[in-house]
Amino acid sequence: MAIPSSMLRVLKRRPLSYTVLVLFVLDRSLSMSEPKTYDHRGKWEHLVELVEKLTQRLSRSSMAPVFRVGFVWFSDDVYVVEKDGKKYFPVVEGNPALSAFRESLNKNRPYGMTAMADALQAAGRVIEEYIEDKELPSEKYVTVFLFTDGKETKRTPEDVLEEADRINNELREKLQALNPRNRIGLATIALGLDADRETLRAIASFLRDAQRKVLEERGLLNIVDPPYHEKMFIDAPQNDRITKEWEEAVRRFVERLSETAVY
Amino acid sequence: MKLSLVFYDRGVVETDTDKWEMIDSGGEADIYEARIAGKKYVVKVFTQKQTELAKPVERVAEMLSRLVRLRHRCGGLPQSLLGRGFPVAVGAYRDSAVLVFRYIEDFRTLADIANSFEELRAYLAENNLSTRISMARDVLKALACLDLADVVHVDVTTANTAYGVIDGSKWVYLFDLETAAIMGSEDYALAVIPARDAHYMPVDSLSLAGIELKAPEPSELPLPLIPSRLPREYLSWVLWTPIWYGFQLASFTFTGMGPFQGLPAATMDYWLEIVEHEKERGYEPTWPPKAMHELGVLEANEYRELNNIWTSLGEDIVKGMYQVFVIDVAEKRRVPSVSLPSVIGIR
């Protein structure tokens with residue numbers, strides 16, 4: 001049966017009542033090439049696989065059209081993945097987010113040190129762009145996932161706290177000025193015992209009750225911020241080696257937090 | 001492990017769980033595909049916690065008995081409740097409740113379809129107008145029957161609606177009914193807050209229109225739906241949710257798009273402009289509302305086309321949608337002024 005062309009035009013316009021920005025801030029320092037993993041491949045390769053899987057899962061989520069996904073790589077310097085002037089991408093209709101991420105890999109292999117504060121600053125700029133994006137409805141949610149196995153080497157841990165504070169407070173206020181429902185969350189994942197776990201825990205946002213409930217129901221709360229289970233923080237795997245179970249739990253944690261950004 | 005399942009139509013059947021294949025796993029339940037007595041089924045094994053909290057077997061039994069009692073009022077049970085809505089067998093796996101559903105071939109959710117333009121196009125092409133009218137009306141009838149039975153299904157989303165084949169015919173099927181609450185019952189309390197549906201204008205946005213309505217906090221669940229004890233803003237949320245989402249689901253089933261489609265962004269801010277315009281002019285109920293054309297969100301030919309299509313769904317439903325989405329919002333009603341059974345004409 002032929003579908004009227006004007007109906008197709010309306011169908012192609014996808015009005016959304018809200019969007020969710022999922023922003024991955026990814027460590028590509030030299031230590032990320034260490035094979036401290038269950039299959040002796042580098043941590044960087046595992047991180048790439050994890051982000052690929054997550055981006056694919058988001059594209060299959062019932063909420064898929066609302067997601068916008070961005071990527072910030074960091075080591076000595078910071079690289080914000082950008083394509084056609086955009087710094088965050090949809091996951092439906094061919095998953096442009098996944099393509100943009102894959103295209104960034106060659107330029108972002110492990111090297112150098114850990115400019116974490118710079119990375120958070122760059123993440124803040126991406127969030128600002130998202131807040132100011134007039135093409136999207138005013139109801140906007142943001143979750144930043146910071147993956148690192150290191151300590152700040154370019155600036156100071158205080159600078160990391162300051163940049164995170166800007167995301168958690170200044171940008172949250174800006175976001176909520178658009179719509180009081182809007183929310184922002186910063187989740188941190190330590191990829192090794194050498195990570196500055198204290199700072200990572202300090203900068204992580206507190207879990208909201210609804211998120212904690214979902215994580216509890218999914219059997220994930222035990223790996224989140226033990227023993228308090230208060231913050232969006234996942235500590236390094238025991239024995240400093242990424243196991244299959246740990247990796248799977250992190251994947252589910254990121255997925256759940258992305259989907260519950262609106263709760 | 002050997003497991004005994006009680007089928008409603010053929011008594012107790014023993015099955016070997018080692019041969020089940022897990023297809024999905026969530027916090028509430030694991031989902032398996034299983035071949036039982038030569039036939040394929042979908043088996044839902046609830047977590048122990050969910051079994052205790054939600055009593056899924058007892059809950060669906062209570063719902064089914066209520067629906068069967070009023071089957072004559074519904075004119076038979078709607079097909080969209082049968083595929084994945086009510087189980088054909090129940091059992092217990094260790095301490096966990098087990099529900100067995102008919103297998104749906106070529107299973108996709110309406111959300112899967114709406115997320116991909118190609119899938120959507122195929123859905124519209126393979127179901128002619130009269131089939132889509134029948135499916136959309138059946139979905140509304142199913143929700144109306146639940147309403148008559150005091151069953152409050154708040155999770156009426158495109159992700160909880162299957163599209164596929166049973167017994168050779170394609171249809172849409174509501175699922176996750178076992179999470180629906182029963183109004184006035186302490187035993188079958190509200191146990192879920194619906195997930196946000198990417199394709200829907202959320203019911204919570206009605207609060208931006210000045211309607212005092214609020215979703216319960218997840219920490220308050222399970223929440224018995226006893227009207228005299230519910231805070232008023234929760235009661236408003238409970239009464240608005242099934243009809244607000246029900247019309248949106250019917251709209252997706254019928255046209256593959258939401259009732260607010262065409263707006264630059266489907267938010268209450270944009271919608272209020274339409275509502276105010278309609279209120280000022282006092283137009284006759286129609287869908288899409290005339291204001292969508294007059295305010296320039298739909299071109300004249302798009303408006304005419306959509307108006308023709310929606311009119312074919314039936315004057316009763318168009319009137320109901322207009323009442324709920326336009327008039328009741330303009331009047332900031334605490335609860336909708338019409339019910340699904342009254343719209344469908346079964347009350």
Near pairs, Cβ below 9 angstrom, 6+ apart or cross-chain, from the range A:50-65 (within 14 Å of chain B (Cβ to nearest Cβ)) to any residue that is of a type in the set (Lys, Arg) and assigned to a helix (DSSP H, G or I): A:57/A:251
Residue satisfying all of: in the range B:110-127; more than 10 Å from chain A (Cβ to nearest Cβ) and without any contact (Cβ under 8 Å) to a residue 60 or more places away in the chain; surrounded by the most Cβ atoms within 10 Å (Cβ to Cβ) among these: B:119
The lone exception for residue A:219 - which of (1) buried (at least 18 other Cβ atoms within 10 Å of the Cβ); (2) within 14 Å of chain B (Cβ to nearest Cβ) it fails: (1)
Within the range A:150-263, helices (runs of 4 or more DSSP H) holding 3 or more residues that are in contact (Cβ under 8 Å) with a residue 60 or more places away in the chain, in contact with a strand residue (DSSP E or B) (Cβ under 6 Å, 6 or more places away or on another chain) and of a type in the set (Lys, Arg): none
Any strands (runs of 3 or more DSSP E) falling wholly within the range B:1-109 and containing at least 1 residues that are within 14 Å of another protein chain (Cβ to nearest Cβ), aliphatic (A, V, I, L, M) and under 27 Å from residue B:183 (Cα atoms): B:29-36
Filtered residues of the range B:34-68 (kept if closer than 20 Å to residue B:165 by Cα, surrounded by 15 or more Cβ atoms within 10 Å (Cβ to Cβ) and charged (D, E, K, R)): B:44
Qualifying residue in the range B:221-244 (condition: within 25 Å of residue A:67 (Cα to Cα), crowded, with 20+ Cβ neighbours inside 10 Å and of a type in the set (Gly, Ala, Ser)): no
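So, in the range B:128-148, how many residues would count as being over 20 Å from the mean Cα position of the chain (by Cα) and free of Cβ contacts under 8 Å to residues at least 60 places away in the same chain?
So the count comes out to 2.
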Residues of the range B:228-252 that turn out to be away from every other protein chain (no Cβ under 14 Å) and of a type in the set (S, T, N, Q), as a count: 3
Tally of residues being surrounded by fewer than 20 Cβ atoms within 10 Å (Cβ to Cβ) and either over 17 Å from residue B:147 (Cα atoms) or within 12 Å of chain A (Cβ to nearest Cβ) (or both) across the range B:175-190: 2
Residue check, residue B:279 basic (Lys, Arg), more than 14 Å from chain A (Cβ to nearest Cβ) and farther than 29 Å from residue B:181 by Cα: yes
Selection from the range A:1-12 of residues that are more than 7 Å from chain B (Cβ to nearest Cβ) and either in contact with a Lys or Arg (Cβ under 6 Å, 6 or more places away or on another chain) or assigned to a loop (DSSP other than H, G, I, E, B) (or both): A:2
Residue check for residue A:156: surrounded by fewer than 17 Cβ atoms within 10 Å (Cβ to Cβ), of a type in the set (S, T, N, Q) and away from every other protein chain (no Cβ under 14 Å): yes
Test: residue B:100 is outside the structural domain of residue B:153 (by TED's automatic domain parsing) and at pLDDT 95 or above: yes
Residues being assigned to a loop (DSSP other than H, G, I, E, B) and either under 20 Å from the mean Cα position of the chain (by Cα) or surrounded by fewer than 15 Cβ atoms within 10 Å (Cβ to Cβ) (or both) - total across the range A:132-146: 5
Sole residue being assigned to a loop (DSSP other than H, G, I, E, B) and closer than 20 Å to residue A:13 by Cα, chosen from B:200, B:188: B:200
Test: residue A:149 is over 25 Å from residue B:201 (Cα atoms), touching a helix residue (DSSP H, G or I) at 6+ places or on another chain (Cβ under 9 Å) and surrounded by 24 or more Cβ atoms within 10 Å (Cβ to Cβ): yes
Residues of the range B:138-154 satisfying the condition of being buried (at least 21 other Cβ atoms within 10 Å of the Cβ) and either within 14 Å of chain A (Cβ to nearest Cβ) or among the charged types (D, E, K, R) (or both): B:141, B:147
Candidate set from the range A:13-57 (those that are in a helix (DSSP H, G or I) and aliphatic (A, V, I, L, M)); member that is surrounded by the most Cβ atoms within 10 Å (Cβ to Cβ): A:32
Residue match in the range B:258-270 (condition: within 14 Å of another protein chain (Cβ to nearest Cβ), touching a residue at least 24 places away in the same chain (Cβ under 8 Å), among the polar types (S, T, N, Q) and outside any helix (DSSP H, G or I)): yes
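Give the range A:81-111 a look and list any residue that's over 30 Å from residue B:266 (Cα atoms) and either among the polar types (S, T, N, Q) or touching a residue at least 40 places away in the same chain (Cβ under 8 Å) (or both), or say none.
Scanning the range A:81-111 gives A:102, A:104, A:105, A:106, A:108, A:109, A:110, A:111.
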Pair list, Cβ < 7 Å and 6+ apart or interchain, from the range B:191-206 residues that are more than 8 Å from every other protein chain (Cβ to nearest Cβ) and within 19 Å of residue B:151 (Cβ to Cβ) to residues that are part of a helix (DSSP H, G or I) and among the aromatic types (Phe, Trp, Tyr): B:203/B:237; B:203/B:240; B:203/B:244; B:203/B:245
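The values are calculated or read from the model by the stated rules, or taken from the named source; none is laboratory data. Keep in mind that this is a model prediction, so the values were computed, not measured. As a convention, Cβ positions derive from the backbone with ideal geometry for all residues, glycine included, and neighbour counts pool all protein chains shown.
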